[in-house]
Every structure is written in C-alpha cells, then in structure tokens.
Amino acid sequence: MSDVLSLIIAKYNYWLYVILMMIGLYGMIAKNNLIKKVVGMNIFQTAIILFYVSIGYKTNASIPIITTADTAHGVVVRAADYINPLTSCLMLTAIVVSVATFGYAMALAVRIYQRYQTLEEDELRMRLSEE
Amino acid sequence: MRVIAFIIVCLTGALLLYGTTEFPDWGDPKSPASLHVSNYYIEKTYEDTHAPNFVTAVVTDYRGFDTMFETAVIFTAGLGCFLLLRDFREKKEHYYQHIPTGVILHLKDEKKSLPVGKEFGYMDKEWVPPDLINKTVCRILIPFIQIYALYVVAHGDYSPGGGFQGGVIFGSSLILLAISYDLKTLVKRIKERLLGIFAALGVLIYAGTGVLCLFMGGNFLDYGKLAPLLPGHSDHIRAYGMLVVEIGVGIAVMAVMTIIYINIVSEGRHDEGL
Amino acid sequence: METIISIKPLLAVLVSLLVIPVLVSSSDKPNVRESWTFIAGIIKFLIVLSMLPAVLSQKQIVLTLFKIAPGADIAFRVDALGMLFALVASSLYIITSMYSIGYMRGLNEHGQTRFVSFFALAISATIGAAFSANLLTLYLFYEVLSLATYPLVTHHQDENSRISGRKYLVFILGTSIGLVLPAMIYCYHATGTLEFASGGIFSGQLSKPAATVLLLMFVFGFAKAGIMPVHSWLPAAMVAPTPVSALLHAVAVVKVGAFSIVRVITGIFGVDFLLSFHLGSLVAAIASITIIVSSCIALTQDEFKRRLAYSTIGQLSYIILGVALLSPKGMTGGMLHIAMHAFGKITLFFCAGAIFVATGKKYISQMVGIGKRMPLTMIAFLIGSMSIIGLPPTGGFISKWYLVLGTLEGDQMIMLFVLLSSSLLNAAYFMPIFYKAFFCTKEESMFEDKIEEAPMMCVIPLLITALISFGLFFFPQPFLDLAKLAVKGFIGG
Amino acid sequence: MENYPALIVVAPFITGLLAGLFVWIEKRLSYPIVLTGLFVSALSAIQVLIRVIGSGPIQYKLGGWSPPIGIEYRIDLLNAMVLCLVSGVAFLNLIASYKSALKEIGDRASSYFTVYNLFITGLLGVTITGDLFNLYVLIEITSLTSYAQVAMGDRDRGPLASLNYIFIGVIGASFYLLGVGYLYMYTGSLNMADVAVLIKGSQGSSTVLTAFILCILGIWIKMALFPFHVWLPNAYTYSPVIFSRVVAPLMTKVMVYIMIRLMITVFGYDYIFNTLHLSEAVVWLATIAVLAGGVMALAQKNLKKMLTYIIVSEIGYMVGGAWMGNQLGMTGAILHIFNDALMTFALFLAVGNMVYRIEKVDITDLKGLFGKMPWTMGGFVLAAFSIIGVPPTCGFFSKWYLILGALEKGAYHFAAALIVSSLICAVLFFKVFEICFFESGSHGHEHSSHGPAVIEEAPVSMLVISGLVSLSLIVAGCYSGTIVNTIILPFLK
Amino acid sequence: MHWPIDIVVLTFVIFCAIAALSVKDLLATAILFGAYSFLMCLLWTIMGAVDVAFTEASVGAGVSTVFFVAAIFRTSRRTKD
C-alpha cells in the first residue's frame, strides 16, 4: 500500500500534467468556438510548461537565486541546494511564445468576426460553402 | 469530431504516460536532468557572470541567443496584429459630449469634427459614464506600477523578474490607462509611431549588443568582450551586458503589449476601446 | 577500339539548339528566319559528316558532359549505328526544312516561328539520341523529343489536334515514364551501369523471367517504335502539318523509338545474352504480328496520311524484327532499314503534303487521276512506294534483301513468310494509288487535264528524296558499311 | 572573418528590425535595407559552404560559451547546403516579388518586409543551430511569421486559414517541445551532439522512445506529411504571392532537413533502423502520402491549390527516401530537398507572375496564356517538367536516387508510387498546358488562328528571376552528380 | 514535503481548465482562464520556479486576460459549447 502511495507521490505531477495536456488538446480539436480552441491551445501549452517546471524541481532545494550574494565569494554553491535554473529559463521563452501566439490568435479571431460575424466553426464552414 | 478528438487525445495521453514510466521520481535531485548541465549553471554562474539570479543569467547570457529570438517572437506578434488589424480609414460617425451640459452630439459627417478640449469631450459609441473612483485610483496607481516595472527590469539579475516581466508590467500600466480613461487618451499620449519605433528599437538593442560584441572581436553576444566600453569592474561586465539586453527586451515588450491591446480592442482603428 | 575525345557530337546537338533564340528574335522576318534554319541544318549535317571517316575507320568519338553517378553519365559516343541514324536524320532535316517552307507558306499557317523553333529542338534531341553513350542519355533525349514534338503535333490548336495531342502524350509519356524509367533504374540497380556495351551489361544477374519482363518493358516502353498495341498514337498524330509527319513520324520520332529498342537489345542485353535465353524470337514474334496486322489495317484506310502511318508502323517493326533475329545479316538489314525506310517514307509523306497543298485532297478515293495533274509528284510517289515494298531498283530492296538473308541464316521460315507476305500487302496498299492516279479513264478522273504541281519548295525536296531512294540502290555503301560495322561491333565484340 | 556563421542569421534579423524601425521614419528605406540583409546572408552562406567543403564542419559558439553550456552552431555539409538554398531563394524572391508585394499588400508592404526577413531568419536559424531548444524557438519564429503572412493574403479566407494553421502549428511545435523535454529528462542536455552521445546505448528506454516519437511527430505535423497536411493547402493558397513563393519551396524542405538532422545527428541511424525497425511502416506511410497528394491535386480547380497538393506529394518523396534506411535513399532525399526547393520555387515564381497579371488562377482562367505570357509559361513548363521528372531537369535525378534506394531496400511499392506520381503530375500539368495552349483568352477567337496574341507579361524583374530559376533547374540537373559527390556523399560518410 | 498543498492546487488547476473550456459564456471563460493562469503561477512558485511564476502572473493572469476580454468586446460572448 505504501508502495503505491509513494509511487503516486513520486509521479503524480507528471500524470496530472498529462491530464491537463489532454484537456487542452481535446479543447483544441473538439471545441466548436474558435476562441475556445485558443483557450484549449493555451492550456495545452501551459501543461507543457508545467511538465518542464516539474522536471526542474528538486526536493529540499531553494529558488535559483543566491541570497548571500555579497558574501558569496567564499561560499561554495552546492548544486543540490537550488532548483534547476535551465528549465525555468526554457519555460520563460515558452511562455513568451505562448502569449505571442495567443495575442495574435485573438487578433485573428477579431478579424474573422469582422468578416463573417461568427466564431463558430460549423457556421463558418457553412458560410464558406455558400460562397 | 468529438470521437476522433477523444481517440487522438487518449492516444497522446497514453504515449506520454508510457514515456513517464521510466522517469526518476518527481523532485529527485539525482535525476539526470538535474545533474548534467544544470549543475554547471548553479555552481559557476556567479563566478562567470556575477549575477545572483541563475535564471536571468541563463536566460540572457548562456542562452541569450534563445532570448533574442524570443523577443523577436513577441515583436512579430505585435507587428502581425498591426498588419492584420490596423485600419487607417477614419470612422464615419463621431460622438461628442458637451461637457458643461452633458448633451451628446452625434456627427454623421465624417469631415466635420469638433475641437476636443474643455468644452467638448470625445466619446465612444458604447459609452459608459466615467467613473470618478476608477479614474482617480488609476491615475494614482499608474506611476507606481511604472516605477515597479522599471524596478523589475533593473533588478532582473538580483531577484525574480527581468526585462520581459518588467515590460509586460509597464505595458499593463499603459493598458490600464486606456481602460480607466479611454483609448483616445492613451493614443494621444503615446503615439503609434513611438510604439512602433520602441518595439523595433528594443529588439535592436538586444541584437545590436550582440553585433557590438562581434565588432569587439568576440563571438555574437559574448558580453565579456564589451569590457572596454562599459564602466565598472570587469568581473561585472557580463551582468552589465545582461542589463542592457534586459532593457531592450523591456522596451520591446512594453511597446508590443500596448500595440496588441490597442489593435484588438479598437479593431485597428485606434479610436475607441473598452 | 580506338577512341577520340572530341567536342563534335556536342556541337552537332547544340547547333540547332543555339539557333532557336535567333529564330525567335527574327520571327517577324520570315526569310531571315528560314535562312538561319538552313544554315543550322547544313552546319549540323557537315559536323555529322565530318565524323564519318573516323567512324568508318573503326574509331569511336566520345565526350562526357556531366557525371551523374558512376556508370550513368550524360555522355556522347559516336559509333557506327549512331552515325548511321544521325546521318539520315541530319540530311533529311535540311530537305524537310526546305519542304516545310513551301508547305507552311503555301497554306499560310499560323505560328510559323514556334513551328520552326520546336522543329529545331526536335532535331537536336534526335541527334542527341543517336549519339548517346548510355541508356540514361538516350532516355533524356527521348523524353525531350517527346515533349518538343507535342506543340508540333498539336500545331493547329483545334479540337481535333487537342484530342490527338492527348493521345500522343498518353502513349509516349505514359510508356516512357511507366515502363522505360523503372526498367532502366532496375538495370542500373542490378548492374551499376547503363553504358551501352557490345556484349550487354548483364552477366548473370537476371533470371529468364526477369529478363523477359525487362525486355518487354523496354520494347513496349519505347512506344515511339509503334509496336502494337502501343501504336495508336501514330495515326492520331497525323493531324499535324505534313512536314511534321514527314520528318518526325517518318524519320525522327519513330526512328528514335526503333533505334532505342535496337540500342537496348544490342547494348544493354547483348546478343549473346538474348540468344542464350531465346528472347530474340519473342521480340521477333511481336514485331511480325505488328507487321502483318498493321499492313492489313493500312489496306482499309482511305485517308492518305493514315495509310502511310500504318505503313510506318509495319516498317518500323521490320527494323525490330531484323535486329531481333540476332543473326549478322538480319541485324544488318534491320539497321539498314532505318535509312532506307526513312528516305522512302519521307518521299511518300512529301507527296501527300504536296497533294494537299496543291489540291486540298486528303483521301485516296479523291485522288483518282491525279497523276495527270501532278506527274512529278506521283512519279516520286512510285519510287518511294517501291522502296517501301522492297522492289529494285530502290534502296528498300537492299535492306529487305538482307532481312530475308537474315531469316534464312537464322533458319526462321516463319519470319521469312512474314516478310514476304507483308511485302505483298505493301504492294497491295500502295500500288492501287499509283495505278488509279495514272491509269484511269477520263470519266473517272477527278482532275482537269492540266499540269499544276505544288509550289517549287514542295516539289524539289520530294524529288530529291526520291532520287536518293533510287540512288541508294546503286550506292548503299555509306549506310551499308556503317550497318556492317555496327553489327561487327555487336556480334564480334 | 570567423563570424560568417553568425552573420548568416544575424544579418537578415538586424536588417529586418531596422526596416521595422524605418517604417516609422522613412518608409522607402525599408526595402533596400531588407535586401542588403538577405544579400549579406546569402554571401556568408556561400562563404561558409566553401569553407565547409574545404575544411570540414564549423563550430560557432554563441556568447562564447562552449556547448553544452551555451548554444552552438554546428555547420556541416548538409547545413551549409540548405543554408545557401534558403538564403539564396529568399534573396531572389525578394527581388522578384517586390512589385507583386506592392500591388497586393499596398502601403503595408514596407512593414511587411520586416516580417519577411524575420521569417527567413527563422528558417536560417533552424537550419544552422545545433541546439534542440534553440531549434524550437526558431521554429516558433518561423511559424509566427508565417501565420502573420498567411493572414495578409486573401482578405476573406486568409485569416481563417491562418488560424487553422496556428492550431495545427502549435500542436506540432508543442509535440516537438515535449519530445525535447523527454530527451532532457533522460539526458540533462539540450545540445544535439551531446544528447546523441548520452542516449547511445539506451535502446530499451521508454523515455527515449517517447521522445523520439514526439519529436518526429511534431516535425511531421509541421512539414505536412500526408495525414497531417490539412493546414497546408489553404495556408499556402490564400497567402500573398511574395510569401507563397518563399514558403512553398523552403518551409517543408527545412522541416525535412530537421527530420534528417534529428534522425542522423541526434537519434542515430542505428537506433531508428536497427532497434525500432520503423523503416517499413514509415515508407508505407510515405507511399500513401505520395499517392494521396497526387490524387488530391487532381481534384483541384485552383492552380495554386493544385500545386500545394503537389508539395504534399513531394514531402512523401523525401520522407520515404530518408526512412529507406540506406545510403541511396538518403542521398535521394537530401538531393530532393535541394531540387524540390528549386523547382517549387520556379513553379511559384511562374504562378506569381500569372497572379500579377490575371489575379485569379482557377484553371479555367488560364485560357490562352501561352500567347499572353509566353516567357512566364516557358518557366512554368520547365518547372513542371522538373516536377514530372523529365531529364535533364533536376527533378529526374533525385527521383532516380530515390527509386534506386527503394529498389535496394526492396520497397517496390515506394518505387511504384514514385512512378505513378510522375504520371499523375504529367496528367496534371498537361491538363493545365492544354488549357493554356488551346483556348484563347477573353479577347475572342479571331486572333488565335492568325497573328500573335497580345503579349501582357509580368514586369521584367519578376520575369528575369523566374526565367533564371527555371533555367537553373537544368543546370542543377546536369550538375547533380557534382552535388552528390561533393556534398551529400561526404556528409553521409 | 509540500505535496498536499501542491496536489490541492493542481486539482484546482484542472478544475479551472475544464470549467474554462465548458462554460457557455466567453467572458466567464476569460475569467476562469485568468484564474487558471494564476493558480498555475501559484503551482510554479511552490515548485520554486519563481521567474516562470512571475512571468505567468504578469502575462497569463494579466495581459492575456486583458487581450481576451478585449477580443470578446469586439466579437461576441456567445458560444455554442
């Protein structure tokens, strides 16, 4: 029993990220409203970020900033004390990318609405086939 | 569609879960991810760059090249919104409020316009009476937000934050101005042209720093080579390089966020918004 | 065998290619344009001719242009067989150019610049095919020729030519991409080379079924040779203006097809290889079926050019048949037939064109008594058809003689029978035309009793070719020597 | 100068931004600035290629940090070739499409050039980088700029196509990012060469397997391999000419390059072909892609859309070749990256010229185009022949290697699919040619039979580039042996 | 050991994600999406990735939501699913 529990504790973060990602992907593919799809896309992307952040986490480690900066010259910095800065760095980039995509997608949605007066995919398809 | 989506999602999920079976435990400090490169960053960053915040150091120095393009991505988004939505045609109808009396004038002739000032105020179609509390609070708040934004940019290498976050916050303050007053106020204060120049300039500061390093005989973005140009101790030269770069990012992000907001909210006409 | 590295083959190919820009730029000055065509044609012929002595003294002229892959370069090699074909094509090009001036101007056709340009391109490709050193280069020029002739075939740009053009492409491109290309790549895959070698390139890599399939892919793939059932583009392509039919469908296009098959049989498979698997008789059988069937169909055709087209299909199979006999005499005859048939058949096409220009008649049934009106043309027609039938004193007799000898040499009585009966059929479809043209009563005659030939530019060429056909009976040496040399190379080597 | 590698990417980047700056100051300057940047980039790429051919792979450390700590460029022969291709095509296209961009995009053109240059920066960066995550960022730059450019085309359909492109593009890129995450989880490194060393010998690991599947799947989505192709036709059809001209030749090809890079440099031949045995399945998938692309192209009424389906088909060629698991197939795939980029470029240049003149390019709108735009059509015909695979255009030679590779592996279905797809392309293009050749335009029928049609060509700058690129197809074809011997084979060894 | 709090936040995150996708009013989606982002940011702070969390707080919960609302303002709140 305790094995199972420790397995869950050891892995649940990864599982939940998978669930989150599945939610996002499902929203992206199955939702009818374009803005909903964009939301799904964003959830999908944040799930990936969550995954990366989870990779970088270390138990009993601190945030990746040297607090004793002024006296750090003599202090040996031990790797196990700080969480992995690399994944954070990567994810900063990923967030920026996702917000850029998000903003642009919203602009596109506005443009599409201007032209077709709807954001529902089935209605759009109908309008297109009429033309 | 839903069935297909469900199948796809389940397949993907199964694949991802299968991949996690061999993962080391969550938070295991001995996992390969936390051993190979990351340890170098933790142990050597301060020595190399004198920036206490590892993340900022990695973002703007070790992997500064990524970040330059990250800024370019956001710049592209702004430019894309501008190209997509910007509509230079004047709107046909104008609404004005006669401030002393509160009478609303509706001008249908596009050529006529009224002098906006003490007497007449510009108005949106979906007009909401200005909320005094909102306006006042925001007016007081905005400068502080901006100061904070500058702090975040400047202290990027000492504390969480950096150019990107600071830029976003600065941009938010401008957006707040647009929301609490109206869009015209913002557009009048900060011209579109200025925003456009800022957006490009910010990224150019970043890239220009890199090119400067080239001219100083180093590799691209090798801040260490900038020592002759910058004051201060040569140990800190990389941190200075980071700061310059962060400022560039901040400027660009600030401008881009504002551009995106203005264009989306006014459908590119820059006349009325939320 | 001695080899000479020379740029001449390339020049021969390039001459008419390079002249195309000149032709296009002088499109509003027809006379200048035509004279350029002539100059190019004559230079080309002279270049080809200048290589003849070397080839006759058993030397080979080689030139490698681009190295693509080991064993498959883009390269030229002038040997006896290629020389024979190039000589025929380049000499007839000059004559056809002359003829086409008369024809096109006589009918006031549109798009003459386009016409002469693509004509030049086509002849370039033909010479290139003749001088190819390997299958890849041959395939290259084969395809270029197919594409360059499409605008010529569809020159009239009407509904009729659209349909024919489509048929032409489907058969020519479809077979070359669908059959030759895979077969060629398979050869390369199996042997690592595509170079034409006198003993073939296979040495035990192929089992008999594989070899059979491969051979059939080549034989049907080179659909320009008009082996049945891939022949039906040829009658359809007769919608083209007659000079096109004359040069391309009597000389260049169809001969390139036949030439390619000959090349594949001799250079890729090799005589000994085919003999050891008894595959020659298979090809010969296919060819003889084509000969008989097409001759029978030709009997039923009333449109003059279509009858000639079916005749061409039959005669092409002579070439294939001759080579497939795999005996020295038979192969000589087959190769010789490339030349002899070319001169004979082009005369006939010229006659058909001349009649069309002068009278507008296309059908044989309308030509009763035409001999009185166009005696020169019809006499030339007689010579041409005698050459095709194989009667002395014309060149066709010599090639057929060798073919017959070849069947006897190989002891293949059935083939002998095929040859003889088809000669009879040839006579049966040609002689009535001539007979009715001259020997008819006044009432039957459809023409007034007045000599009125086609324009000079039409008549002179057909007389020249008729004379050459006639003369080849007495002086077949250049072609005969080349053919014998070629055979010696393939069998002796 | 040791900094050529950096310059390749940085020059277009900085000039793009400068142009973005100058839009607000002096609009007219932005075009020359952008052009200069691409020119410098192209020159540096050529320099790098020469250096790599001369003295082996080049490593460039960005920021002076040596890998795996920092990001590095690692340029070997394959990179260098693709870099030259990308920068060259981008530069030429900018010249060729200037007028068309002014016409289509209008006053926004000057800011558009910024996006254009960023797009090219992305493509170049993707090609040159040796870091897995940097690759992701640059893919995103490429994607975001292409979303922006797609939306600027057709005012009605563009935004919709762009949004759909975003959804699928994000899925693709995110899959790739996840794959990189899994790899990072297993190895702790992001540098390609480093990762390759660290995962050696980890055949059974589920993490590596998942990472592999995710990366490849992501790239496949991005390159529009058959079942994932849905976004491509609309996105390319409704985008402005200047963009479709550069994205069609480059985007998918660069993605194929990434796939090959991941296969060879990161995961390794051994892992893919000997441990996973995926070759068979993927080659089947590629076969289906080749055929499906062709069949879907047959159903299209719009010329631009038809060509986009041909691109889908061509992707199948390269994927099939790369996954053949032998040297010939890989050679074919890499050669096809080069050739396909050139020929698609030539095709879209010609189509762009047509769009410039006649605006709508439904197939029925093309009537009489041979008369109206002869030079454009000439370029179009050459490019089409290359796609069909007619020698000596370059399309033939890559197909040659691909088929040889398929034969060597025994993947006869793939070889057959290539042949069939050639035939389908022939049908497609001749359908177009027929309409252009036979039916006269709106001016009525009178001038079609006599006198030249009124020539309404595209501007000279567009024509010259289009013509040059089309001719370069033949040159590239003739020198494909050189490309293979100096670049591809040394790379594969 | 702060996995209990971690798991609670994660549950909320998933709840918000599902809710954001299934609410029939886009404005509500916008707000739920903001909440989702903010919870996510909380989660990352727990894991120690402060820079990422900071960014997400300013971007995801801040600017993104504003963009979202602005877009809805210019389009419509209506959605079928």
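Tell me, rounded to the nearest percent, the portion of alpha carbon pairs in segment E:3-74 spaced more than 18 Å apart. Show your work: numbers first, answer last.
Working: 1028 of 2556 pairs.
Here the long-distance tail beyond 18 Å is 40 percent of all Cα pairs in segment E:3-74.
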* lysines with Cα under 24 Å of B:Lys135, excluding same-chain neighbours fewer than 8 positions away -> B:Lys118, B:Lys125, B:Lys184, B:Lys188, B:Lys191
* Structure fact -> Here the Cα Rg-to-2.2 N^0.38 Å ratio for segment C:54-115 is 1.71
* Asked: In µm²/s, what is D for chain C at 4 °C and 1.567 mPa s, where D = kT/(6 pi eta Rh) by Stokes-Einstein and Rh is the Kirkwood radius from Cα pairs?
  -> 58 µm²/s
* Contact order normalised by residue count of segment D:278-493, Cα under 8 Å, 6+ apart, percent -> 28 percent
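Hey, got the average number of other protein chain Cβ atoms within 10 angstrom for residues in D:115-125?
Details: counts 5, 0, 0, 7, 1, 0, 2, 4, 0, 0, 3.
Neighbouring Cβ atoms belonging to other protein chains average 2 per residue here.
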* Mean projection of the alpha-carbon convex hull of segment D:278-493 over all orientations, in nm²? -> 11.8 nm²
* Asked: How big is the shadow of the Cα convex hull of chain D, averaged over all directions, in nm²?
  -> 21.8 nm²
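For the protein assembly as shown, what is Rg from Cα atoms divided by 2.2 N^0.38 Å, rounded to two decimals?
Numbers: Rg = 37.6 Å, N = 1472, 2.2 N^0.38 = 35.2 Å.
So the protein assembly as shown has a normalised radius of gyration of 1.07.
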* Sort out for me the Cα centre separation of segment C:476-490 from segment C:84-122, rounded to whole Å. => 28 Å
* To do: Set Lys and Arg Cβ to +1 and Asp and Glu Cβ to -1, take the dipole of the protein assembly as shown about its Cα centre, and tell me which of D:Leu198, A:Tyr12, D:Phe113 lies farthest positive.
  => D:Phe113
* To do: Using a Förster distance of 51 angstrom, determine the FRET efficiency expected from the C-beta separation of B:Leu141 and D:Leu492, and round it to 0.05.
  => 0.20
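State the extension gain, in nm to one decimal, for the chain segment bounded by B:Leu230 and B:Thr185, taking 0.36 nm per residue of separation less the distance between their alpha-carbons. Present the calculation step by step, with values, prior to reporting the outcome.
Details: separation 45, 0.36 × 45 = 16.20 nm, distance 3.89 nm.
Full extension from B:Leu230 to B:Thr185 adds 12.3 nm.
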* Given 10 Å bins starting at zero, what is the percent of C-alpha pairs of segment C:278-493 in each, up to the one with the largest pair distance? -> 9, 34, 32, 17, 7, 1, 0
* Points 7 angstrom from Cα along the Cβ direction at C:Leu299 and B:Ile4: gap in nanometres? -> 6.3 nm
* Degrees, to the nearest 10: E:65-74 long Cα axis against longest axis of chain E -> 10 degrees
* **Candidate lysines for bridging to C:Lys29, where Cα separation is under 22 Å - those fewer than 8 sequence places away on the same chain excluded** => D:Lys372
* Would you please name the GluC sites (Glu not before Pro) within segment C:342-446 that are DSSP coil residues with at most 12 other C-beta atoms within 10 Å of their C-beta? => C:Glu443, C:Glu444
* Links that overshoot a 22 Å alpha carbon limit, given the list C:Lys224/C:Lys484; D:Lys222/D:Lys409; C:Lys167/D:Lys431; A:Lys37/D:Lys253 -> C:Lys224/C:Lys484; D:Lys222/D:Lys409; A:Lys37/D:Lys253
* Asked: How would you rank B:His106, C:His110, going from fewest to most other Cβ atoms within 10 Å of each one's own Cβ?
  -> B:His106, C:His110
* Lys, Arg +1 and Asp, Glu -1 on Cβ, resulting dipole of chain D about Cα centre, debye, nearest 20 -> 140 debye
* Relative to the longest principal Cα axis of chain D, at what angle does helix D:158-187 sit, 0 to 90 degrees, rounded to 10? -> 20 degrees
* To do: Using the number of other C-beta atoms within 10 angstrom as an exposure proxy, rank A:Arg127, C:Arg306 with the fewest first.
  => A:Arg127, C:Arg306
* Amide H neighbours of D:Asp362 under 5 Å, counting only residues 5+ apart in sequence or on other chains, H built in-plane at 1.01 Å? -> D:Leu303
* Please identify the helices of chain A, taking whole runs of DSSP H, that span at least 15 Å along their own axis as judged from the Cα atoms and have a mean Kyte-Doolittle score of 0.0 or higher. => A:2-30, A:34-56, A:85-116
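With a Förster radius of 41 Å, plug the Cβ-Cβ distance of A:Arg115 and D:Leu29 into 1/(1 + (r/R0)^6) and report the FRET value to the nearest 0.05.
Numbers: r = 33 Å, r/R0 = 0.81.
So, using R0 = 41 Å, E works out to roughly 0.75.
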* **16 Å Cα-Cα reach of D:Lys99 towards lysines, excluding residues that sit fewer than 8 places from it in its own chain** => D:Lys27
* **B:Glu192 versus A:Thr59: modelled label distance in nm, points set 7 Å from Cα along the beta carbon direction** => 5.7 nm
* To do: Could you list which residues have their amide H under 5 Å from that of C:Ile4, counting only those 5 or more apart in sequence or on another chain, with H placed in the peptide plane?
  => C:Gln60, C:Ile61, C:Val62
* Asked: From the phi of every residue in segment D:122-127, what ³J(HN,Hα) in whole Hz does the Karplus formula 6.51 cos²θ - 1.76 cosθ + 1.60 yield, where θ is phi - 60° and glycine or proline is x?
  -> x, 4, 5, x, 4, 6
* Asked: Between C:Leu424 and C:Gln58, what is the label-to-label distance in nm when each label sits 7 Å out along the Cα-to-Cβ direction?
  -> 4.3 nm
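Using 1/(1 + (r/R0)^6) with R0 = 45 angstrom and r between the beta carbons of D:Asp362 and C:Lys362, what's the FRET efficiency to the nearest 0.05? Walk me through the numbers before you get to the answer.
Details: r = 38 Å, r/R0 = 0.85.
Given R0 = 45 Å and the Cβ-Cβ separation, E is 0.70.
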* Working from Cα positions, state the angle (0 to 90°, nearest 10) between the long axis of helix D:460-478 and the longest principal axis of chain D. => 50 degrees
* Structure fact -> When B:Thr45, B:Thr209, D:Thr127 are arranged by how many other beta-carbons sit within 10 Å of their Cβ, fewest first, they go B:Thr209, B:Thr45, D:Thr127
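Please get the size of the charge dipole for segment A:2-130, origin at its Cα centre, with Cβ charges of +1 on Lys and Arg and -1 on Asp and Glu, quoted in debye to the nearest 20.
Computed charge dipole of segment A:2-130: roughly 160 debye.
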* Asked: Over segment D:1-54, how many percent of alpha carbon pairs lie in each 10 Å bin up to the one with the longest distance?
  -> 28, 42, 21, 8, 1
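A short reminder: the numbers here are calculations on the coordinates, not readings from a lab. Predicted model, so just to flag it, every value in this text is computed and none were measured. Methodologically, a virtual Cβ is constructed for each residue, glycine included, from the backbone with ideal geometry; neighbour enumeration extends over all protein chains shown.
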